[in-house]
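Reviewing the structure listed below.
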């Protein structure tokens with residue numbers, strides 16, 4: 001009986017220990033991906049999460065090595081992509097030149113847990129500009145590898 005009680009308590013502790021991790025939206029993929037060296041200038045950053053997030057209460061910042069911001073926050077706020085709940089978020093970008101960029105993000109999952117992170121990508125000197133797209137054309141489709 002005592003062994004059963006100890007096992008039950010141990011199992012309960014394991015479950016309680018892992019439950020908080022279930023409530024967090026973890027970054028599962030991004031476009032561009034971390035450490036990508038791009039030959040085409042991206043028009044947006046797309047982040048994909050393990051569960052839905054509150055897009056209006058989340059943020060993405062894109063900065064160059066000098067700290068200049070390239071996320072187009074005004075365009076994003078005026079779009080449908082800043083509203084509602086979804087497991088992905090897209091941030092339009094101002095025109096990028098060659099160089100290294102840091103993407104910093106902080107999101108609020110629908111159950112009110114927040115997570116954050118950052119990654120870098122580079123635009124190569126010979127990168128071609130992407131065709132200009134309106135915000136309505138920006139989609140976060142995950143390419144099939």
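Readers should treat all values here as calculations from the given coordinates under stated rules, not as data from a laboratory. These figures come from a predicted structure and were not determined experimentally. When we count neighbours, we look across all protein chains shown, and the Cβ atoms used for this are built from the backbone with ideal geometry, even at glycine.
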(Q) Given the condition outside any loop (DSSP other than H, G, I, E, B), touching a helix residue (DSSP H, G or I) at 6+ places or on another chain (Cβ under 7 Å) and more than 17 Å from residue 127 (Cβ to Cβ), answer yes or no: does some residue in the stretch 70-80 qualify? (A) yes
Q. Which of the residues that make up the stretch 33-49 are over 18 Å from residue 75 (Cβ atoms) and surrounded by 20 or more Cβ atoms within 10 Å (Cβ to Cβ)?
A. 49
